[in-house]
1. Just to be sure I understand the model, the point goes 7 Å from the Cα along the line to the Cβ. What's the resulting residue 36 to residue 70 distance in nm?
2. Relative contact order, percent, of the range 7-87 when contacts are C-alpha pairs under 8 Å separated by at least 6 residues?
3. Of 35, 42, how do they rank once you tally other Cβ atoms within 10 Å and put the fewest first?
4. Give me the three principal axis extents of the range 7-87 from the C-alpha atoms, as integers in angstrom, largest value leading.
5. Counting other C-beta atoms within 10 Å, and keeping those with at most 14, which DSSP coil chymotrypsin sites (Phe, Trp or Tyr not before Pro) do you find in the range 1-52?
6. Which of 64, 5 comes first, and how do the rest follow, when ranked by fewest Cβ neighbours within 10 Å?
7. Return the long-range amide H neighbours of residue 37 (sequence gap of 5 or more, or a different chain), with a cut-off of under 5 Å between placed amide H atoms.
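Rule-based calculations on the coordinates, nothing more; no lab input. Computed from a prediction, not measured in an experiment: that's the story for all the values here. Every residue, glycine as well, gets a Cβ built from its backbone with ideal geometry; the counts of neighbours run over all protein chains shown.
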Amino acid sequence: MFDFDSTAKTVIALAFGAGVAVLAVGTAWPTGIVRVIPPLLRGYAGVIVTVALILLPFILGFDDSTAALLFCEIVGGAGVLATATLATCFASRVPEARAMTSPQAA
């Protein structure tokens, strides 16, 4: 779809896409299919992957290719926004301790 000027750039973009698909399918959410990845671990992986996607063009010298650079920066930025939004929705399965509001009768 995008005209990246090297095979390496295309392979890296596809690898990131495959990783995101595995995370989506394997996360233990109601919509997950396999449900083996804890949501908190999925959140950490999302942050690491999106930051890597943003930095990768500069580390590997892809910044000379406009299509690859824009793809990585736009998808990485959208991933940061999505991960930041989802990070606030990770619910703990540990029940909260509740203070007693009335004394127990003997």
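1. In this crude label model, residue 36 to residue 70 measures out at 3.9 nm.
2. Numbers: 67 pairs, mean separation 19.3, N = 81.
Dividing the mean separation by the residue count of the range 7-87 yields 24 percent.
3. Working: 35 13, 42 20.
Sorted ascending by nearby Cβ count, the order is 35, 42.
4. Largest to smallest, the principal-axis extents are 41, 24, 16 Å.
5. Numbers: sites: 2, 4, 16, 44; in loops: 2, 4.
When the chymotrypsin sites (Phe, Trp or Tyr not before Pro) of the range 1-52 are filtered for loop state and at most 14 Cβ neighbours within 10 Å, 2 remain.
6. On the way: 64 9, 5 13.
So the ranking, lowest neighbour count to highest, is 64, 5.
7. Excluding prolines and chain starts, which carry no amide H, the hits are 27, 28.
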